[in-house]
Amino acid sequence: MEHIMLGGAAVPDSGAAATGLPRWRQQVQYAIGHTLNDFYSLQPEVRRETPIQFLLERRWPPKGNAFPSLMHYWDVKTAVGDELMRIAPCNHIREIPVMLYEQWHIPVPELAIELAMIFQLVWNSEVSGRCLNIQKFMVSGNEEVITGFLHMANVFCHKAYGEPAETIEIYSLMDGRRHIFDGAGVALEESLDYVRLLSVFLSQEDSADHKVSVGDRRNEKSEASFGGFGLM
């Protein structure tokens, strides 16, 4: 779903990755994902003593022809590194995530689909009547992806936990923006309607087997959609 929102299929000989994204962006998203996974796999007391930029350096793509220019390479590296260094030291510093790059599937009977999502970082909520604090990190913001993720996460929380999320946060690292939503601020029916439209759109995009490649990957291999709906 995300790859369609970010541009759809690649143009032959364009140099774009199979997801339809520029190759540099795919490589940077891969580095961000693995860096976050490395960092938040550590115990909280170890995280406090581990600068995240050291972990990012291990994962960062080499200077190559994926980036339009050497200047662009350094601009992206500096912007992403600065944002992660700003966010990580004060992000749930005493907690252990309850989901860390986990893939979940949940049936949505009203829509006759199975919703599949990959969650980067999810934390427990201590607020009564709320289930989770969800965090997503993107190279740069895209309003359609943000809206889609918000509604899909809202449906997931209601179907998996019977409660809305406490917060859904989406970080756009290149421009330093954070989008934060109150999980109870979006009605379930509104999210179901949105997801219904997405599922119809996906069916039209790939009527042969209803499979879509993932735009936000945590592995080098492709992650396919499952059941009736693609991953976000």
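The values are calculated or read from the model by the stated rules, or taken from the named source; none is laboratory data. The shown structure was predicted, so the numbers you read here are calculated from the model rather than taken from an experiment. Cβ: placed from backbone, ideal geometry, glycine included. Neighbour counts: every protein chain shown. Protein only, heavy atoms only, side chains kept; ligands, DNA and RNA dropped before computing areas. Shrake-Rupley method; radii C 1.70, N 1.55, O 1.52, S 1.80 Å.
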Quick check on this structure: which one of Glu144, Glu114, Glu163 is under 15 Å from the mean Cα position of the chain (by Cα), open to solvent by 40 Å² or more (accessible area, probe 1.4 Å) and over 23 Å from Asn37 (Cα atoms)?
Glu144
Scan of segment 154-166 for residues that are touching a residue at least 40 places away in the same chain (Cβ under 8 Å) and in contact with a helix residue (DSSP H, G or I) (Cβ under 9 Å, 6 or more places away or on another chain), ordered by number:
Val155, Lys159, Ala165, Glu166
Condition test on Glu189, is it of a type in the set (D, E, K, R), surrounded by fewer than 16 Cβ atoms within 10 Å (Cβ to Cβ), over 19 Å from the mean Cα position of the chain (by Cα) and at negative phi?
yes
Filtering segment 50-104 for residues that are open to solvent by less than 30 Å² (accessible area, probe 1.4 Å), in a helix (DSSP H, G or I) and under 19 Å from Tyr171 (Cβ atoms) leaves a count of 11
Which listed residue is modelled with pLDDT under 95 and not aliphatic (A, V, I, L, M), from Gly183, Gly141, Gly162:
Gly141
